[in-house]
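The values are calculated or read from the model by the stated rules, or taken from the named source; none is laboratory data. As the structure is a prediction and not an experimental result, all values here were calculated from the model. So basically every Cβ, Gly included, is an ideal-geometry build from the backbone, and we count neighbours across all protein chains shown. The area values use the complete protein model at the heavy-atom level, side chains included, leaving out ligands, DNA and RNA. Shrake-Rupley method; radii C 1.70, N 1.55, O 1.52, S 1.80 Å.
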Protein chains: 2
Amino acid sequence: MSNNQFKRGELYSVINGMATTAVARRLQKNYRTAGLEITIEQWSVLYHLWKEDELSQQELGIRTFRDKASITRLIDNLEKLGLVTRVASTTDRRINKVCLTDAAKPLQQITYELANQTMNEALQNISKEEIETVKNVLQRVYDNLTHPNLI
Amino acid sequence: MSNNQFKRGELYSVINGMATTAVARRLQKNYRTAGLEITIEQWSVLYHLWKEDELSQQELGIRTFRDKASITRLIDNLEKLGLVTRVASTTDRRINKVCLTDAAKPLQQITYELANQTMNEALQNISKEEIETVKNVLQRVYDNLTHPNLI
DNA sequence: TTGAATTAGTTGCATAACTAACTATATGTC
DNA sequence: GACATATAGTTAGTTATGCAACTAATTCAA
């Protein structure tokens with residue numbers, strides 16, 4: 001029943017996800033150093049809007065792995081910063097489409113560059129095969145916990 | 001210079017660490033379901049104290065990857081719950097030793113079991129070799145960002 | 001078509017995160 | 001011994017997170 005793949009002493013460091021935390025922290029620092037006054041959480045929303053604008057808050061929650069309350073507050077703050085606006089959908093009045101403003105445009109290029117640069121720092125001396133394995137395993141862990149498993 | 005190991009579209013899902021977030025969320029849920037009124041953050045502190053009691057706040061910060069302000073609040077809350085006490089060090093009066101109380105003892109066994117059970121859910125169908133690779137890569141990512149690199 | 005169930009979003013409450021500025025104690029150097 | 005520096009911890013301010021309860025709009029079914 002228990003396959004105990006972890007020694008007890010290692011349990012927490014895995015659950016904690018120290019590495020991804022460190023990456024997020026470094027990226028935040030790099031944004032700040034470059035004079036960008038946005039948080040990485042705000043950036044994560046912009047990132048998805050740059051890929052596809054006018055997403056609903058619901059959809060943004062799914063794509064960024066957040067609940068809808070968190071999205072509500074993130075959009076509140078992005079609106080205060082003048083980077084997005086909420087536009088009520090004409091076909092379904094429950095839905096807010098979240099739309100990028102012109103003020104958000106200049107951020108796209110510089111934040112992508114800083115994010116790529118940060119990933120390059122983080123991934124120094126790590127092979128493509130290793131990265132593929134990590135991505136694949138993390139996805140399966142995520143799926144294990146979010147899709148009911150019928151084994 | 002840029003080795004761009006990530007396609008742009010994949011950047012965020014990696015930085016976000018969705019899998020570790022999902023594991024933490026599931027563990028929190030399992031604690032709640034079992035009637036345990038502690039957060040996983042609080043548990044992470046208890047976890048290290050069970051391994052070695054009477055650690056300083058500083059040391060707890062290092063072992064749980066948190067800054068000292070965060071540790072101050074976590075210990076505040078654990079003290080309110082009656083699970084730990086702060087005891088001033090006799091040899092260095094700047095230091096608080098954080099000590100487990102008797103009330104914390106009964107939590108050790110049950111939280112370990114739930115954590116192990118959660119990890120087993122999360123790691124279904126993932127091989128030991130894959131787990132080793134992930135742990136190894138995440139550690140190297142962490143080291144890349146925290147130790148100055150002289151290449 | 002009316003009433004139940006579902007969906008999208010907001011709000012209140014509690015916890016937690018980071019930065020920066022602060023206090024207090026300890027250390028090290030002249 | 002005295003002053004500069006470093007270390008341990010606290011506090012204030014802002015942002016973010018999750019859950020649960022709520023409103024409003026939509027859909028489904030009798």
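Please tell me if A:GLU129 is among the charged types (D, E, K, R) and open to solvent by 60 Å² or more (accessible area, probe 1.4 Å). Don't jump to the end; show me each part of the working.
Details: among the charged types (D, E, K, R): yes; open to solvent by 60 Å² or more (accessible area, probe 1.4 Å): yes.
Yes; evaluated as a whole, the condition is true for this residue.
Looking for whichever is more than 14 Å from DNA strand C (Cβ to nearest atom) and either farther than 29 Å from B:VAL137 by Cβ or without any contact (Cβ under 8 Å) to a residue 12 or more places away in the chain (or both) here; the options are A:VAL98, A:VAL84, A:VAL141. Which one fits? Can you show your working first?
Details: A:VAL98 fails: more than 14 Å from DNA strand C (Cβ to nearest atom); A:VAL84 fails: more than 14 Å from DNA strand C (Cβ to nearest atom).
Going through A:VAL98, A:VAL84, A:VAL141 in turn, just one is more than 14 Å from DNA strand C (Cβ to nearest atom) and either farther than 29 Å from B:VAL137 by Cβ or without any contact (Cβ under 8 Å) to a residue 12 or more places away in the chain (or both): A:VAL141.
Limited to region A:106-116, what total is found for residues that are crowded, with 16+ Cβ neighbours inside 10 Å and either at pLDDT 90 or above or closer than 15 Å to A:GLN28 by Cβ (or both)? Explain how you work it out, then say what you get.
From region A:106-116, those crowded, with 16+ Cβ neighbours inside 10 Å are A:107, A:111, A:114-116; that's our starting set.
Next cut, either at pLDDT 90 or above or closer than 15 Å to A:GLN28 by Cβ (or both) only: A:107, A:111, A:114-115.
Number satisfying all stated conditions: 4.
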All conditions in (1) open to solvent by less than 60 Å² (accessible area, probe 1.4 Å); (2) assigned to a helix (DSSP H, G or I); (3) touching a strand residue (DSSP E or B) at 6+ places or on another chain (Cβ under 8 Å); (4) more than 24 Å from A:LYS135 (Cβ to Cβ) are true of A:ALA103 except (3)
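State all residues of region B:20-42 that are of a type in the set (A, V, I, L, M, F, W, C) and under 19 Å from A:ARG140 (Cβ atoms); if no residue qualifies, say none. Lay out the reasoning, then the answer.
Initially, region B:20-42 is screened for residues of a type in the set (A, V, I, L, M, F, W, C), giving B:22-24, B:27, B:34, B:36, B:38, B:40.
B:ALA22, B:VAL23, B:ALA24, B:LEU27 - these are the residues of region B:20-42 that are of a type in the set (A, V, I, L, M, F, W, C) and under 19 Å from A:ARG140 (Cβ atoms).
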- Message: So for region B:112-131 (the condition being within 9 Å of DNA strand D (Cβ to nearest atom) and over 18 Å from B:GLU41 (Cβ atoms)), does at least one residue qualify?
- Response: no
Quick count over region A:57-71, residues being more than 8 Å from DNA strand D (Cβ to nearest atom) and either within 11 Å of chain B (Cβ to nearest Cβ) or buried (at least 18 other Cβ atoms within 10 Å of the Cβ) (or both), is 4
Filter result for B:ASP76 (away from chain A (no Cβ under 14 Å) and either within 14 Å of DNA strand C (Cβ to nearest atom) or of a type outside the set (Gly, Ala, Ser) (or both)):
yes
Please determine whether any residue of region A:92-105 is away from DNA strand D (no atom under 16 Å from the Cβ) and within 14 Å of chain B (Cβ to nearest Cβ).
no
In region A:35-56, anything in a loop (DSSP other than H, G, I, E, B), exposed (fewer than 13 other Cβ atoms within 10 Å of the Cβ), at negative phi and away from DNA strand D (no atom under 11 Å from the Cβ) is listed as A:GLU52
